[in-house]
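**Q** Before anything else, here's the structure in question.
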Amino acid sequence: MNLRRRIHNLLNQEDLNFLLTNRLPRRLLTQFMGWFSKIEQPVVRDVSIAIWKFFSDLDLTEARKSRFTSMHDCFTRELKPGLRPLEMDPQVLTSPVDAIVGAFGPIEGTRVFQAKGFPYTLEDLLGGDENINDWVNGSFVTLRLTSSMYHRFHAPFDCTVEKVRYFSGDTWNVNPIALRRIEKLFCKNERAFIRTRLGGDGPCAGQHVALVPVAAILVASIRLHFLDVLFHLKYNGPSSIACNTPFHKGDEMGWFQHGSTIIVLAPRNFKLGDGLEQGSHVRMGQALMRWVG
């Protein structure tokens, strides 16, 4: 067994993984990584990316450019055009990201699940003063990005962003090990709530779908291109921002600095697409949820 495999197996031992990724000073490490990843020094950049490749399945062959100014530049890389074809069916919500499908299913009233036996509520996630009626008894899907994945997220439908709300919070790891141990983890971490109204002329028009990007350890930076702010651990601007920004399906909306999670909340007439199940991989633009009327 080679060294990489031995280290991988060691770090995947549940107790050790949880200790290394959650019991260290999470906010301090996250702030340090935010600074360190932006260093534009060739040796720092090259060594950092080489270590990243050693510990992950990082594949840069799809990247638009082959040279990066920093590790951060590599994290937030764009893809070559045409690599993520869109499912254009007007009754389909596409995946906003490349991700691994986590928990999904019906929302039981306002109750959602991060893992088996670990529920949270829409009120916990979105705040007690938010209008959650659109998603009561609706559907949800959790999309987890790993560190090596493409980190930009895109509009899942022709839509208009009506509101963004920012929640400052912790930086717990969001891997399956932590999700089985920390109750209401997504509701404790830094996150943003993006409320969209679906467009078009089909039966979905006018429905509201929410995207909730959730930050994690080493990942407390969420950039939304349509807002002139960068949400991060030291952000002290307005927490709720009214918007009226239109997007076409597949338009880029923003990015994570490293990798994390997006929770998709849909009304009750949307269901997870065929062939997707927990643990399966989905790519941006692939059918994620379908209107079933």
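The values are calculated or read from the model by the stated rules, or taken from the named source; none is laboratory data. Note that the structure is predicted; figures quoted are calculated from it, not measured. For neighbour counting, all protein chains shown are included, and Cβ atoms are generated from backbone atoms with ideal geometry for every residue, glycine included. Keep in mind that these areas ignore ligands, DNA and RNA; they rest on the heavy atoms of the full protein, side chains included. Shrake-Rupley method; radii C 1.70, N 1.55, O 1.52, S 1.80 Å.
**Q** Residue by residue through the stretch 107-119, what is 3J(HN,Hα) from phi via Karplus (6.51 cos²θ - 1.76 cosθ + 1.60, θ = phi - 60°)? Round to whole Hz and write x for glycine and proline.
**A** After applying 6.51 cos²θ - 1.76 cosθ + 1.60, I find 7, 8, x, 10, 8, 10, 10, 8, 6, 4, x, 10, x Hz.
**Q** Keeping all protein chains in place, calculate the accessible area per residue for the stretch 26-111 (probe 1.4 angstrom), answer in Å². Intermediate values should be presented prior to the final figure.
**A** On the way: 4610 Å² over 86 residues.
That works out to 54 Å² per residue.
**Q** Among 151-158, 125-132, 182-189, 279-286, how do they line up from the highest to the lowest mean number of other beta-carbon atoms within 10 Å?
**A** The most tightly packed comes first, giving 151-158, 182-189, 279-286, 125-132.
**Q** For Met253, what residues show an amide H to amide H distance below 5 Å, using hydrogens built from the backbone and excluding near sequence neighbours?
**A** Residues meeting the amide H criterion: Phe153, His154, Ala155.
**Q** Please report the net charge: other residues with Cβ closer than 11 Å to the Cβ of Cys243, K and R +1, D and E -1.
**A** Values: positive: Lys163, Arg165, Arg195, Arg197; negative: Glu162.
Here the charged neighbours net out to +3.
**Q** Using a probe of 1.4 angstrom, how much of the accessible area of the stretch 36-121 is carbon and sulfur, in percent?
**A** Working: 2630 of 4380 Å².
Carbon with sulfur: 60 percent of the solvent-accessible area.
**Q** Still on this structure, I have one more. Report, in listed order, any pair from Lys38/Lys80; Lys65/Lys163; Lys38/Lys116; Lys80/Lys163; Lys116/Lys188 with a Cα-Cα distance greater than 26 Å.
**A** Values: Lys38/Lys80 23 Å; Lys65/Lys163 33 Å; Lys38/Lys116 38 Å; Lys80/Lys163 30 Å; Lys116/Lys188 18 Å.
The answer is Lys65/Lys163; Lys38/Lys116; Lys80/Lys163.
**Q** Once the mean 1/r over all distinct Cα pairs of the stretch 78-131 is inverted, what Kirkwood radius in angstroms do you read off?
**A** Details: mean 1/r = 0.0696 Å⁻¹.
For the stretch 78-131, the Kirkwood estimate is 14.4 Å.
**Q** Convert each backbone phi in the stretch 45-50 into a coupling constant with the Karplus relation 6.51 cos²θ - 1.76 cosθ + 1.60 (shift: θ = phi - 60°), then list the ³J(HN,Hα) values in order as whole Hz, x for Gly and Pro.
**A** Those phi angles translate into 4, 5, 5, 4, 5, 5 Hz.
**Q** Using the C-alpha gyration tensor of the stretch 152-195, what are the square roots of 5 times its eigenvalues, in whole angstrom, with the largest one first? Intermediate results must be reported in sequence, preceding the final value.
**A** Working: eigenvalues 129, 35, 13 Å².
Square roots of five times the eigenvalues give 25, 13, 8 Å.
**Q** Quick query: amide H of Asp158 versus all other amide H atoms, modeled in the peptide plane; which residues come in under 5 Å with a sequence gap of 5 or more or a different chain?
**A** Close amide H contacts, sequence-distant or interchain: Gly199, Lys249.
**Q** Right, here's the next one. At 1.4 Å probe size, with every protein chain present, just tell me what the per residue accessible area of the stretch 112-235 comes to in Å².
**A** Numbers: 4100 Å² over 124 residues.
On a per-residue basis, the stretch 112-235 sits at 33 Å².
**Q** Dipole of the stretch 241-293, Cα-centred, from +1 at each Lys and Arg C-beta and -1 at each Asp and Glu C-beta, to the nearest 20 debye? Walk me through the numbers before you get to the answer.
**A** On the way: 5 positive and 4 negative charges, 36 e Å.
For the stretch 241-293, the charge dipole is close to 180 debye.
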